[in-house]
Structures are given as C-alpha cells and as structure tokens.
Amino acid sequence: MISETVWAWQRPVAWQQAVAAAVRDPALLLERLQLPKHLLPAALAAAQDFPLRVPEAFIARMVPGDIHDPLLRQVLPLGDELLLSQEYTTDPVGDQDAMVVPGLVHKYHGRVLLIMTGACAVHCRYCFRRHFPYGQANPLASHWHDALATIAGDTSIHEVILSGGDPLSLSDERLHQCIQDLTAIPHLTRLRIHTRLPVVIPQRITPALVALLSHSRLRPVVVLHINHPNELDTHLTDALTGFMQHHITLLNQAVLLRGVNDRVDTLVLLSERLFSAGIMPYYLHQLDKVQGAAHFLVTPSRARELYRQLTAQLPGYLLPRLVQEIPGMAAKLPM
Ligand SMILES: *Cc1c(COP(=O)(O)O)cnc(C)c1O
Ligand code: SF4
C-alpha cells in the first residue's frame, strides 16, 4: 500500500527543491530572459488554462533576448493557444476509451501504460495530456491494487510503462515500492519509464534511482523526451553516465514541433548528440491534435519531406521512427 504521507517527513532532496523552485510566473520568466514586456498579457491569459512551469536548469540552456529560442518556445504560454479549432480536442489519443482501470491504459499488445501521477517538472505547451483529468485517473491515489490485479490477471502483458505526468516526479522511495509490487508479477519482464524530468533537472538521476532500476529483476528501459539538441548540455550528459554505467537502455522520443525542431539540420544534430550521450533515437512523433497546440503543427506533407531528407543524411540506426498516434490502432502508425 502506497501512502502519500509515509515519506512526507523527509527533507526534500536537491532535485525536489529544484522542482519546487521552478519558475511559474510568466513575468519572472520574461525578466530572467530579458524578453519584451508586451508578451506578458498573452502569456498570463494562456497560463490560466495550463500554467507555466519551467525549472531553472532548463532556463539556463535558453539564449537570453531570443523570443524564438527553441527551448523557450516549448514552455512559454502564447496567445496562439487560445485560438480554438474543432480538429484539436482535449483527448486526442483516445486515452479515456482505453483506460481499463483508472490510470491503467491498455492499448497495445503485450504492454500497458500506468499513469502514475499528474505532476510534471516542466509544462510543455504541446503536451497531449494537458487536459487530462489526473484527479480522477491516478492509480496511486486509490486504484493501485486494481491496476496490479488487472496486470496480474493478464499473462499476455510483459511490459509495464510508467508514464504520467512524469513518473520520476515521484520520490525514489515511492518508485521503489511501486516497482517491488510490479516485480512480484511473474509474467512481467520489462519496466519502461517515460520521463522528461531528468532532461530538465539532471540532478534527478540519483544513485538511489540508478540502483533501484538496475537491481530490479525487470529489465529497465528509460525513454527520455528531448526535442532539440540544445537540451543536451553537459549537466545532462554527465548525469546520464549514471544510467549508462549500469547498462540501463536509454531511448529518446521527440515531438516534431514547428518553430522548435522542424529543420533537417536540427534533427540531424539531435540524433548525433543523443547518440554521443548514449541515447538511441526511438520515435519522432507527429503532433497530437490537442486543444491549444495548433500553432506547433508541422503538416504531414512537410513532416514526410523532412523525414526523407533525414533518411538521406543519417545512418539507419540514428533515424527515429516517424509515427503518429491514431486512436483505435494496434500500434503507433509509421507515417
Ligand atoms: C505509446 C504508447 C505505448 C508504447 O508504445 P511503443 O510502440 O511500445 O513504444 C504503450 N501504451 C500506450 C497507451 C501508448 O500511448
Ligand atoms: S513532461 Fe511530458 S507529460 Fe509533462 S507536460 Fe511535458 S510532455 Fe506533457
């Protein structure tokens, strides 16, 4: 049984302090980056719907004074988000329909996804779960045992994917408890963690986290979410060696985003820097049509053209799969 209160007496560790100290005030972000004040009213309006949140360690990788900075664009609320379009919905990937127990999503053969928490250290403006009803669909809140029982009752499931929100916003102690419960299910062989937290706060890769993943019977796979080569600074690449030394498989998924990474030279550099940091490119996602993110869309024809050029420039093993998620399909669809 996982209780919210058990660990509450513990002092927050460095990464938790960094999460708590993340910038949430648009005025402060503009000031920190010496950006014009006229951006503020729209930022405040868009932040009402989905608040700004960005850790200092991520801001440090942005170029002051540049309103087109590719990292800034991922986090700065813009007036564009308030333009509604019928095609852009609050649940673009059909999570709600595929939820078998609150928080447990079973869409694809052999693997299930557990939404562990609604919390994230960074709020990405294009996030397809930006409207997700975390309050009602958090297995840890009250449905953990139902989720475990469902997984235990289906021997076709071999892999559990911890997702969110960001599962690494849970403390190491709570993760340890969750992983122990999953390890007790004999037909599980792999544990996958989908996370962006170590990217924005590299201190999250604690020795305790590395130990709990590498000592598990379940084979660990960490799928990071890095969209632009500038996100890979030395703080991050140094921290990742902790995972590499323990042979934890590192993959990356990126989202193709207009004004962030929709250039072939950027995508080539991203793959090369990922590989240098020990991470294999896995997916390049076409944007999910979530309300408020229409301005990030790279049209499918432009996406295919970029991918054609990428294929011509990279060795096959550095080429992520360009995919789109279509609700109801048996897997993510190659484009
Ligand atoms: C993306 C996703 C997965 C994982 O798919 P892979 O192709 O194995 O990476 C699993 N479950 C859900 C609900 C997903 O959206
Ligand atoms: S970290 Fe992931 S889940 Fe959280 S806001 Fe960003 S894309 Fe969404």
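The values are calculated or read from the model by the stated rules, or taken from the named source; none is laboratory data. Predicted, not measured: the structure shown is a model, and the values here were computed from it. Don't worry about glycine lacking a Cβ; one is built from the backbone with ideal geometry, like all the others, and counts go over all protein chains shown. Ligands, DNA and RNA are stripped out before the accessible areas are found, and what is left, the full protein with its side chains, is counted by its heavy atoms. Shrake-Rupley method; radii C 1.70, N 1.55, O 1.52, S 1.80 Å.
Observations, loosely collected:
- Under the criterion of Cα pairs below 8 Å and six or more residues apart, the relative contact order for segment 152-191 equals 71 percent.
- Segment 71-207: proportion of alpha-carbon pairs further apart than 27 angstrom, %: 25 percent
- Heavy-atom accessible area, probed at 1.4 angstrom with all protein chains present, ranks His158, His225, His109 as His109, His158, His225, highest first.
- Euclidean distance between Cα centres, segment 234-272 to segment 277-316, Å: 14 Å
- Accessible-area order (highest first, 1.4 angstrom probe) of the listed residues Phe132, Phe275: Phe275, Phe132
- Longest exposed-site-free window of the chain, the sites being GluC sites (Glu not before Pro) in a DSSP loop that have at most 12 other C-beta atoms within 10 Å: 88-335
- Calculated accessible area for the chain comes out at 44 Å² per residue, all protein chains present (probe 1.4 Å; ligands, DNA, RNA ignored).
- Rounded to the nearest 10 Å², the accessible area of Thr89 at probe 1.4 Å: 60 Å²
- Put a plus charge on the Cβ of each Lys and Arg, a minus charge on the Cβ of each Asp and Glu, and nothing anywhere else: the dipole of segment 198-310 about its Cα centre is then about 340 debye.
- Estimated at the nearest 10 Å², the accessible area of Ser142 is 90 Å² with a 1.4 Å probe.
- In the chain, the portion of solvent-accessible area held by carbon and sulfur atoms comes to 56 percent [1.4 Å probe, whole percent, DNA, RNA and ligands not counted].
- Between Tyr317, Tyr283, Tyr307, the GNM of the chain built on Cα springs shorter than 10 angstrom shows Tyr317 fluctuating the most.
- Adding -39500 (n - 2.57) for every DSSP H run of four residues or longer, then dividing by how many residues the chain holds, sets the calculated 222 nm ellipticity at -8500 deg cm²/dmol.
- Asp97 contributes about 140 Å² of solvent-accessible surface, heavy atoms of the protein only, 1.4 Å probe.
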